[in-house]
Amino acid sequence: MVTPPPIETTAAAKLIRPTVVTDQANRRRPGHNGMASTAEAAEPTVLAVRQMLAALPPLPPAGVAGWRGEVTIRSWQVLCTRLTMANPEHPRLIINDFLSLDLCKELEFIHKSCGTVGYRPNVFSTTLSHLIATNCGHLIMPFVPIRERLKEKAEEFFGCEFELFVEFTGLIRWKKGKEALGFVWEAYLLRFRLYPYIEPPNLSSKCTRVRHASIIPVAPVKSNVGPKMSNRTDPAWKYSKRHEDNKFRFTCTFCNKVVTGSVYRVKLHLAGGYPDVTSCPNCLEPVKEEIRAFIYDWEEEVFDDTVSDEGEEEDVDGYRWSTGASIGWHSDDNRTYLKQRDFAAVCYLNSHGEDFEGGLFHFQDWQPTTIVPMAGESCFSCLNAFCKLDVVMYTADSRNMHSVDEITGGERLTLTLWFSRDGSHDEDAKLISFLSEKQLPRSIHETRSFLPQPASSRMYWFPPDTASTYESGFDICFARIHAHGYDLYSLQDISCFSASDSSNDLSEVLMAPLRLAREHELFDEEFVNILHVLQAVQFYCWKASELQTSGHEKRINVVPLSPSRREEVNRLKHVFLKDERVPDKLFSSAMGNERSQQPFNWAHVSAAVTTWEAYSNKLVKEMLLSLPYWKTHQSIFSVPSFDLGK
Ligand SMILES: O=C(O)CCC(=O)C(=O)O
Ligand SMILES: [Fe+2]
């Protein structure tokens, strides 16, 4: 096969280079910001760009046979896109076919088997430091070459070679779902203290769209807003009195304490046991039970798509509901603690229309106005202001105000990086020191050093509320395993546990050995903890087609699930999932539940466990061999295989 010529070398492509190239000498001067200033770079005005476009050869006729015709059309399109985007007032770059679909799938595997509840509503994330913290430092290896290539692209395009540091690398998954400000959002506020990524929105600022939130707080639009919560009577109104002059103040009828905020806080006050909300000292036990049951029922409704299928908006506690994650217009350095961010790179790891609905990216000004995330997609429509692509890069400042539409179906996965010129925000230095502190295997021959260790259970608890009480929500690792059709059997005695147990012992069950069950069968292989199970299950999902054709006929041992064991399996499920329909819905893909996609076979699960071990082992070895080089250079990079003695 003949390889097409690289697009970059066309004469016209060279035309746009001066727009981003800065004076090398100036860039090296301390204090110089490295960006092309008006004086030092030849910047095209809109007129100049138009002139360059006019000077281009006409679009080759469609249907020109062979790759030459295809390549010419494609080069022409890419070139036009670059030219239209080469506007120094809005410096941005789009890239097509940057990540192979295989790599996207690998990163998806990592996220689904290691991700945690994220930093804003309906968002889940996997950071590199989290991977290290959970003994999965080897899983940073697939990120290493991608980070390098992205950094190079950013330095080249924005004209700051050798100046950038990666400030943050993370897999970010946005999902659809329903949240109501009155209930879940305040719980998120508690979370923000743990994850100070963004400032919590101002709850009292009504009628304004909250940035970085899926919730749109609004003034009550219906006159009867208040005592109703999804057409049922909210018991909190029976046990509190709302102040006439201030609808965000309530007096508890049991203890006379004034509770400020939404009626949700009154419920927390009455139910007791929530951090940041004083528990009512006089509330009667049956009332507490009533409130807890109400909260539980409400949650079922929140995640039940059948409840409100019209407009997905409903008034609750005076706030409007909204679906899935979204971000309003913002720049990525829009907080004082984000000022170090200079450039952003977002890689789309799955596709609009296939894996999720909604979630389009928009720039407020200049081209392209809309970006349709497409994993590994070529750009054939960017002559319009509508681009399908897999990577977008832009300056983190207000020259690139952008937004992302709400996710209305499925889950949207990105690999997001921010770059900084400020070395004190270098992620590499922190990761290397974190890796060095970890108890890594002393020798690359040490076996099973790849076994994961779950982080604190609150990182996996959804929605991220108090986590210590376990009265509502579910464990996302458990939920993912369940969404694939499996149950879990604990080797510990769990007969004394109940779903409302507020003790951390519950989470310890998931940190201890478990076995997999499916329908009436129990797989006779022991997993060290829930993350171990999850990695094996997700690996099976990732490699299913290969495993099916590998002719792996290892003898596997599966025993029938006895009634008493079935009871224990159900007990565990009740504790960690509550209502299994809820998490199943949340973790099913946009185009159907994951569990229905492949024919099941225990032999393939067994093969997946073995193959996953080999995969992990290989990565551990690579990481251990690379670490000394990383330490020396204080930088995470792909060490040439020659140096690694491969
Ligand atoms: O995921 C995207 O397309 C952009 C996300 C974004 O704007 C952000 O995280 O600040
Ligand atoms: Fe952003």
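The values are calculated or read from the model by the stated rules, or taken from the named source; none is laboratory data. Note that the coordinates shown come from a computational prediction; the quantities given were computed from them, not determined experimentally. When we count neighbours, we look across all protein chains shown, and the Cβ atoms used for this are built from the backbone with ideal geometry, even at glycine.
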Contacts under 9 angstrom Cβ, first residue in the stretch 562-581 being without any contact (Cβ under 8 Å) to a residue 12 or more places away in the chain and under 14 Å from Y489 (Cβ atoms), partner part of a helix (DSSP H, G or I) and of a type in the set (S, T, Y), 6 or more apart: none
Qualifying residue in the stretch 315-333 (condition: more than 16 Å from ligand 2 (Cβ to nearest atom), closer than 21 Å to R173 by Cα and modelled with pLDDT of 85 or more): no
Those residues of the stretch 406-424 which are within 13 Å of ligand 1 (Cβ to nearest atom) and buried (at least 18 other Cβ atoms within 10 Å of the Cβ), in sequence order: E406, I407, E411, R412, L413, T414, L415, L417, W418
Matching residues in the stretch 334-358 - criterion: being within 14 Å of ligand 2 (Cβ to nearest atom) and either among the basic types (K, R) or at pLDDT below 90 (or both): N334, R335, L338, R341
Residue in the stretch 369-385 that is within 16 Å of ligand 2 (Cβ to nearest atom), assigned to a loop (DSSP other than H, G, I, E, B), at pLDDT 70 or above and of a type outside the set (D, E) present: yes
Residue count for the stretch 325-359, restricted to those that are in contact (Cβ under 8 Å) with a residue 40 or more places away in the chain, assigned to a loop (DSSP other than H, G, I, E, B) and either away from ligand 1 (no atom under 11 Å from the Cβ) or surrounded by fewer than 18 Cβ atoms within 10 Å (Cβ to Cβ) (or both): 5
Some residue of the stretch 92-111 being surrounded by fewer than 18 Cβ atoms within 10 Å (Cβ to Cβ), within 24 Å of T395 (Cα to Cα) and modelled with pLDDT under 90: yes
Filter pass, E70 being of a type in the set (D, E, K, R) and either modelled with pLDDT under 90 or assigned to a loop (DSSP other than H, G, I, E, B) (or both): yes
Residue in the stretch 506-518 that is in a helix (DSSP H, G or I), at pLDDT 85 or above, more than 21 Å from W612 (Cβ to Cβ) and of a type outside the set (D, E) present: yes
